[in-house]
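Trainee: Next up is a structure, given as structure tokens.
All of the numbers you see were taken from the coordinates with simple rules; none came from a lab. As the structure is a prediction and not an experimental result, all values here were calculated from the model. With ideal geometry, Cβ positions are generated from the backbone for all residues, glycine too; neighbour counts draw on all protein chains shown.
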Amino acid sequence: MTGALLDRAARLLRGVRWYLREFSGEADYERFRLRHLREHPGEPVPSWRDYERQRARHREEHPQSRCC
């Protein structure tokens with residue numbers, strides 16, 4: 001019984017961690033970093049701060065209207 005409870009708790013914590021990484025944008029940066037390393041080998045990877053500036057600039061230059 002204890003093992004099953006620990007498995008459930010671990011699964012819950014993994015889910016919470018996943019949600020927080022997705023919500024905070026940390027997972028987006030990780031995907032960006034991996035793609036950058038794959039597509040631009042040898043070039044330095046932009047920092048989190050530079051990545052966020054680039055995303056903000058892109059959102060300002062390419063606004064998306066949303067209804068509702």
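Trainee: Against the longest principal axis of the chain, how steep is helix 26-39, in degrees 0 to 90 to the nearest 10, with axes from Cα atoms?
Mentor: Helix 26-39 sits roughly 60 degrees off the main axis of the chain.
Trainee: Which loop chymotrypsin sites (Phe, Trp or Tyr not before Pro) in the range 11-68, with loop taken from DSSP, have no more than 10 other Cβ atoms within 10 angstrom of their Cβ?
Mentor: Sparse-neighbourhood loop chymotrypsin sites (Phe, Trp or Tyr not before Pro): none present.
Trainee: Now for a different question. Have a look at ALA56, ALA4, PRO44 and report the one farthest towards the positive end of the charge dipole of the chain, computed about the Cα centre with Cβ charges (Lys/Arg +1, Asp/Glu -1).
Mentor: Going by the Cα projections, it comes out as ALA4.
Trainee: So if I place +1 on the C-beta of Lys and Arg and -1 on the C-beta of Asp and Glu, and nothing else carries charge, what would the dipole magnitude of the chain be about its Cα centre? I want it in debye, nearest 20.
Mentor: 220 debye
Trainee: Which trypsin sites (Lys or Arg not before Pro) in the chain pass both tests, a DSSP loop state and at most 11 other beta-carbon atoms within 10 Å?
Mentor: Qualifying residues, ordered by number: ARG66.
Trainee: Match the structure shown to one of the listed values (i) 1.35; (ii) 2.67; (iii) 1.63 of Cα Rg over 2.2 N^0.38 Å, computed from it, and give that label.
Mentor: (iii)
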